[in-house]
1. Using Cβ contacts closer than 10 Å as the measure, can you line up H95, H85, H65, H19 from fewest to most?
2. What is the ratio of the Cα radius of gyration of the chain to 2.2 N^0.38 Å, with N the residue count, to two decimals?
3. Quick one: 3J(HN,Hα) in Hz for the range 86-92, Karplus 6.51/-1.76/1.60 with θ = phi - 60°, rounded, Gly and Pro as x.
4. Once you have the Cα-Cα distance between F124 and K6, take 0.36 nm times their residue separation minus that, and quote the gain in nm to one decimal.
5. Sort S132, S4 so the one with the fewest other Cβ atoms within 10 Å of its own Cβ comes first.
6. What relative contact order, as a whole-number percentage, does the chain give when Cα pairs under 8 Å and 6 or more residues apart are counted?
7. Given N residues in the range 1-59, what is Rg(Cα) / (2.2 N^0.38 Å)?
8. Charges only on Cβ, +1 for Lys and Arg, -1 for Asp and Glu: so what's the dipole of the chain about the Cα centre, in debye to the nearest 20?
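Just so it is clear, none of the values below were taken in a lab; they were calculated from the coordinates. In this text the structure is predicted, and so the values were computed from the model without any measurement. Methodologically, a virtual Cβ is constructed for each residue, glycine included, from the backbone with ideal geometry; neighbour enumeration extends over all protein chains shown.
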Amino acid sequence: MAMSGKDLALLGLFLVAGHFLHRALVYWRYRKVEAPLEAGAFAEEALRRYLTGFRVRVGWRNGVHFGEQEVRLTEAVMRGRSLYHLAVAAHEVGHALQWRAREELVRNTQAALTLGFGLLVLGFLLGPTELSALMVFGGYGFVLLSLPLELDANRRGLEALPPEVREGVKRVTTALTASYLVVPLGGMLMVAGWLMGRS
């Protein structure tokens, strides 16, 4: 039996909602598991050890600024001593390590993400039309292209961690990085369902 447009859209919605519920459960569990060092201290030591040229600064959100060669962590993550905070820092350190080894891939992925987010914003601003739906669908597709880079950042960040914390940190980074798969996929299903419902 073929799925209707409504069923497809609901599947996408439940997929995204279930993912964020899982993320919340991972957050509440692993933010209480103590790590052997502060996340900020780990990031600073790892970036020095691997001679990346990047430095760590406190920022309003977690991320890597490649132009300034900075890994920015929120105050909570910088001072955090849980496996959750360590996982966030490890992922961002992984991105900094990518810059040395795969600079061209990082640049291309950043360009795809910028284009994807631009299409998403424009599509949502235009309102419910077929053209805007196609723009949103394409935007999610470009975001999906960043998944390999995010998985690679996880791998590089995990390798920089002490062996005894890698298993717990891996569970957190996997849950967080799944957003780059589940959210675009769920969004594309919802858009496809909406388009089917109009036809």
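1. On the way: H95 21, H85 26, H65 13, H19 18.
Least to most surrounded, the residues fall as H65, H19, H95, H85.
2. Details: Rg = 18.6 Å, N = 199, 2.2 N^0.38 = 16.4 Å.
After normalising by residue count via 2.2 N^0.38 Å, the value is 1.13.
3. So the J values, rounded to whole Hz, are 5, 5, 4, 5, 4, 5, 5.
4. On the way: separation 118, 0.36 × 118 = 42.48 nm, distance 1.95 nm.
Computed gain between F124 and K6 is 40.5 nm.
5. S4, S132
6. Values: 315 pairs, mean separation 60.4, N = 199.
It rounds to 30 percent for the chain.
7. Ratio of Cα Rg to 2.2 N^0.38 Å: 1.95.
8. Numbers: 22 positive and 17 negative charges, 61 e Å.
With only Lys, Arg, Asp and Glu charged at Cβ, the dipole is about 300 debye.
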